[in-house]
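Coordinate-derived values only; no laboratory data. Because the structure is a prediction, the values reported are computed rather than measured. No Cβ is skipped: glycine too gets one built from the backbone with ideal geometry, and neighbour counts run over all protein chains shown.
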Amino acid sequence: MSSCAAEDRSWRSALATLSDLLAGRKPNIRHCNEAFGTLATSGRWQEILHLFEVLPVERLQPDVATCSIAMRACAHGTQWVHALRLLFQMPKYLVQPNTISFNTGMSACTNGGHWERAWDLVASMRQAGIPPDSTGFNTCTNVCASVGAWGAAVTLLTQSVLAQVSPDVIGFNSALKGCAVAEAWQPACHLLRQMPEKLVRPTARSYSSSITATLIWARALDLGALSVASESVVCRNGVVAAASRAGVWARAAALLAALCHEVEPNIVSFGGAVGPWPHAAALAVAATSVGLRPTVVLYNSIANACGEDGRWSTALLALEDMIQVSTTPTIVTYNCLIRASAQQGLWERSLEILQALMTAAPLPDEISFNSAIAALSEIYDWPRALDLLQHMEKRKLPPDTVTYNSVLNVCAQDGEWIAAVAVFDRMISADVRPNEISYSSLLSACDKGSRWQLALSVLRSLRLGEVLPGIMSFNSAVNACGRGGHWWRFLSLLCSLPRPDAVTYSSGLTACSLSAAWQMTVALLKEIPKRQLATGLLCYISVLSACQRSGIWRLSLALLRSEPGAWDVASFNNAVGVCARAGRWRHAMAVFDTMLGSRYVPDAISFGSSIRALAEGSKWAEVLELLDAMEDSALDPELITYSFAMAACNRGGQYHQSFRVLASMASRRLCADVVALGCGLEAAEITCNGVSAADLAGEIHRQNLQALAEGLAKRFNDS
């Protein structure tokens, strides 16, 4: 505190001295320079620039020292633009820049990474007849290295040799640093070999940069084995990280263990060894065992490693451990927590974490909102996703392509095409360029919303724009056309698609089946093997569905026999259904028996379709047998199944059995439909069992009203 107060008094005193000088008390440039130096040391570059403009007014001629001090103050304040402006304005004040002036200008470019401008200053020095010295070459090399411009850094080393300025270890290390940033291992190895030739002894930093640049971990191991490197924890850390990057996790763990025994490790040693979740999860414990306190960076790396392997529960435990040991979490930590909670299905927790960030530090960033919005796709909560999008805009956090894609995906999951279109329009208005995922999500929303015209319009605009439509976009458009009953539009889409996949054909088959276009489904089914694509189960089901709607029962049986092992219960149900519609009860029962022989368990639809087929053939005994089998299997027959059963009994003259079916239906509180009512009235009238048709009709009507009332009451209570 005392040093800060002393520094504050120092620059204020210097400012007062300058004010006195400029007030006419015999101003002197040497005294001004001393005051400028004090201000520069205190980082007061704004005051220096202001006073620099006042000097000519007070008839004070700045010299080269004045300009260099002002430039140095700007450089320390990361004001490289002001520093270079002063450098190029020096001739205006009749001051010729020298080597120190140019070196200071190059140093100002370091913080901003403006290596091209530093490079230009070296050329400007030569044009001005000022030979660059080793400091200038090293400074410019360091600027180039900071952004990975290793080619320029190596060229500067060569130019320094041509200029008879021997490169020193600082120059070589700067060039090696550039190679490390760009992972240019071959130039790094060449520079390392050149250092002894130029009588420059490599340091631990030289080897560390070379190890970082090396993409082949075995070469990094060789470099780390050298005497100077083996004694440096920085070099050893680089070797561990190289093995980890190469996926040699066991070797990375062995190198880390050796490092802990031979030199004193630091927390970076453990961070470099982060690999897949089994290795990563043990690193925090290992660091603690050697007396190191795991940092938030290490915990974040462990959590990310676990998350990438799908071990989100382990990631959550690691982050919770971090908070318990009082390690201050960062926004990266909270973002990982939001993502991990979402992956575990804990979407409410993801939103709670985001809500907490909105009211306390650290403040949420774009990744926080993107992760929370992605969590909402699991529950199709598109209104809340739109709300989070508005929160981002209110907080001046510009949503990016990932944000809009996440919101579009949530809308598409729920088929909210109106909301999806609104989000897409907002994306365009915000000058955020949509990508193929954006269009695919919008088309998916159109598909689920049965908006085939809009889907085709979006696909048309996509094909005219800069984004090439992917296979997912075409498939969504095909699905939308199918839902709208416009299967023929699929053919034009298919012709324009260079490489349709199995999903494309499956979507097209579904579109054709919904319109009962069975001939087209058969043609498409034959086309799939020609494209060397696998014919999936859904393809066969679509063909069977089209046949069922068209009553083409022979084709269904032919497909069933051609691929007996490719079916599931839904496929058999379609085949039974098409035979039932065609009145082919023998074939329907043959399919039913085949299903039983294939060890599939029939469901209520299987029994219902078979009972319908038998009813069409007046096979009342078999119908009652299947009806009893359904009850034994704890399957609830639908109303239409009871109706077909009663019709079969009446056709066979088994009216007393028709009453039994009616009683079973009533026991399940099912409302009789017109067919059941008609069958019951017919049975009562023919049997003349003392129950008049009018009484039976009244009783059935009463039961219908009672069942209806009970159903309404139940729905009211549930709501």
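Label zone (residue 387, point 7 Å along Cα-to-C-beta; backbone nitrogen cut-off 15 Å) within region 334-359: 347-356, 358. A straight line joining the Cα centroids of region 67-111 and region 112-143 runs 12 Å.
For a protection proxy built on the mean count of beta-carbon atoms within 10 angstrom, sort 370-379, 621-630, 416-425 highest first, please. Could you put the intermediate results ahead of the total?
Working: 370-379: 23.3, 621-630: 18.0, 416-425: 19.7.
Highest to lowest by the protection proxy: 370-379, 416-425, 621-630.
Between residue 418 and residue 34, full extension at 0.36 nm per residue minus the direct alpha carbon distance yields a gain of 131.2 nm. Model label points for residue 85 and residue 634, set 7 angstrom from Cα along the Cα-to-Cβ axis, are 8.3 nm apart. Simple spin-label estimate for residue 355 and residue 99 gives 6.7 nm between the two label positions (7 Å along the Cα-to-Cβ direction from each Cα). Here r is the Cβ-Cβ distance between residue 600 and residue 457 and R0 is 41 Å; the resulting FRET efficiency, rounded to 0.05, is 0.40. For a footprinting-style exposure proxy, rank 619, 177 by other Cβ within 10 Å, fewest first. Listed from fewest to most nearby Cβ atoms, that is 619, 177. Measuring from a point 7 Å past the Cα of residue 186 along Cα-to-C-beta, which residues in region 132-152 have an amide N at less than 16 Å? Under cut-off, by backbone N: 150-152.
Residue exposure proxy: 655, 439, 380, ordered by other Cβ atoms within 10 angstrom of their Cβ from fewest to most, comes out as 380, 655, 439. Close amide H partners of residue 673, meaning residues 5 or more places away or on another chain with modelled amide H under 5 Å apart, do not exist here.
Approximating the spin labels as points 7 Å out from Cα along Cα→Cβ, the residue 130-to-residue 363 distance works out to 4.2 nm.
Each principal axis of the Cα cloud of region 610-659 was evaluated for its coordinate range; sorted largest first, these ranges are 28, 21, 17 Å.
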